[in-house]
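S.K.: The structure follows.
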Amino acid sequence: MNDIDIEIFLNELYMKGQINDSKSINKIDKYLNITPDTGKFLGLLAQLTSAEKILEVGTSNGYSAAWLALCTDEAAQITTIENDPKKISAARENFLSTGLVDKIKIIEGDAPMILSKMTESFDLVFVDMDRKLYLDILEDVIRLTRTKGIIVFDNAVSHKEEMTDILNYFNGNPQFHTYLAPIGKGEFVALKKW
């Protein structure tokens, strides 16, 4: 895909998510995509760190994974975890339509259980799922992030009260450099020093 095609695809995918969410009554049926500027920010982080192995926790319809895949070189691989069959189906369809299906691997199932069994390490981990489970997966997310790797949590400003424990954990931990990026719904970034 050339740059124009990529931009058109990402814009269309974002608008589909917005339309879906405006029509959905139940939160579970909403895609709740990141904002376009958050997508650019994640893509920039992936490029700056030369991330080749990326983990996303919470696929939804694949919008953020598409950003990560389209902003990284051909060697990069994105692994994304999702539990909702409808969202998995939508994400697969979106990845197929752009040729990203070989670059993005969807793991279906319960994120805490899946993460607890994973052993590989990742350069960049993006967490955007049910915030009530963030503390449950925290130990595994840290374990799966390589030294000098980056962890990003979405909704750090829009849902600050739900993120307090996560922010306090990282901000008080000398193992991490942290930054709260005022982009989109707020992106909390933690660099794992060792």
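The values are calculated or read from the model by the stated rules, or taken from the named source; none is laboratory data. In this text, all values refer to a predicted model and were calculated from it rather than measured experimentally. Every residue, glycine among them, receives a Cβ derived from its backbone with ideal geometry; neighbour counts consider all protein chains shown. Remember, those area values only see protein heavy atoms, side chains included, never the ligands or the DNA or RNA. Shrake-Rupley method; radii C 1.70, N 1.55, O 1.52, S 1.80 Å.
S.K.: Might you let me know whether segment 66-77 holds any residue that is open to solvent by less than 80 Å² (accessible area, probe 1.4 Å) and without any contact (Cβ under 8 Å) to a residue 12 or more places away in the chain?
M.R.: no
S.K.: Return yes when ASP123 is open to solvent by 50 Å² or more (accessible area, probe 1.4 Å), modelled with pLDDT of 95 or more and within 16 Å of ASP140 (Cα to Cα) and no when it is not.
M.R.: It is false that ASP123 is open to solvent by 50 Å² or more (accessible area, probe 1.4 Å), modelled with pLDDT of 95 or more and within 16 Å of ASP140 (Cα to Cα).
S.K.: Something else now. Here are the criteria: (1) over 19 Å from ALA156 (Cα atoms); (2) modelled with pLDDT of 95 or more. Tell me which single one GLY58 does not satisfy.
M.R.: The number of the failed condition is (1).
S.K.: Which number in (1) outside any helix (DSSP H, G or I); (2) closer than 27 Å to THR178 by Cβ; (3) touching a helix residue (DSSP H, G or I) at 6+ places or on another chain (Cβ under 9 Å) marks the one condition that GLU162 misses?
M.R.: (1)
S.K.: Residues to consider are ILE34, ILE25, ILE19, ILE8; find the one that is open to solvent by 40 Å² or more (accessible area, probe 1.4 Å) and in a loop (DSSP other than H, G, I, E, B).
M.R.: Exactly one residue qualifies, and that residue is ILE25.
S.K.: Can you say whether ASP102 is out of contact with any helix residue (DSSP H, G or I) (no Cβ under 6 Å at 6 or more places or on another chain), open to solvent by 10 Å² or more (accessible area, probe 1.4 Å) and assigned to a loop (DSSP other than H, G, I, E, B), as far as the supplied structure shows?
M.R.: Yes: the conditions hold for ASP102.
S.K.: List the number of the failed condition for PHE95; all other conditions in (1) aromatic (Phe, Trp, Tyr); (2) modelled with pLDDT under 95; (3) touching a helix residue (DSSP H, G or I) at 6+ places or on another chain (Cβ under 6 Å) hold.
M.R.: Unmet for PHE95, out of (1) aromatic (Phe, Trp, Tyr); (2) modelled with pLDDT under 95; (3) touching a helix residue (DSSP H, G or I) at 6+ places or on another chain (Cβ under 6 Å): (3).
S.K.: Which pairs do you get when a residue that is hydroxyl-bearing (Ser, Thr, Tyr), found in segment 88-105, comes within reach of a residue that is not in a helix (DSSP H, G or I), reach meaning Cβ atoms under 9 angstrom, with the pair 6+ apart or on two chains?
M.R.: THR98/MET1
S.K.: While we're here: From the set of residues in segment 134-187 that are of a type in the set (S, T, N, Q) and open to solvent by 70 Å² or more (accessible area, probe 1.4 Å), which is farthest from ASP110 (Cα to Cα)?
M.R.: Out of the qualifying residues, it is ASN171.
S.K.: I'm checking my understanding of the structure. Among residues of segment 106-119 that are outside any helix (DSSP H, G or I) and open to solvent by 70 Å² or more (accessible area, probe 1.4 Å), which one is nearest to LEU32 (Cα to Cα)?
M.R.: The extreme case among them is GLU108.
S.K.: Restricting to segment 52-62, give me the number of residues that are buried (at least 24 other Cβ atoms within 10 Å of the Cβ) and at negative phi.
M.R.: Selection size over segment 52-62: 6.
S.K.: Return yes when ALA190 is touching a residue at least 24 places away in the same chain (Cβ under 8 Å), part of a loop (DSSP other than H, G, I, E, B) and open to solvent by less than 10 Å² (accessible area, probe 1.4 Å) and no when it is not.
M.R.: In short, no.
S.K.: Looking at ASP123, ASP140 in this structure, which one is of a type in the set (Asp, Glu), touching a residue at least 24 places away in the same chain (Cβ under 8 Å) and not in a helix (DSSP H, G or I)?
M.R.: Being of a type in the set (Asp, Glu), touching a residue at least 24 places away in the same chain (Cβ under 8 Å) and not in a helix (DSSP H, G or I) holds for just one of ASP123, ASP140, which is ASP123.
Let's see how each residue does on (1) out of contact with any strand residue (DSSP E or B) (no Cβ under 8 Å at 6 or more places or on another chain); (2) not β-branched (Val, Ile, Thr):
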position	(1), (2)
ASN20	yes, yes
ILE25	yes, no
ALA46	no, yes
TRP67	yes, yes
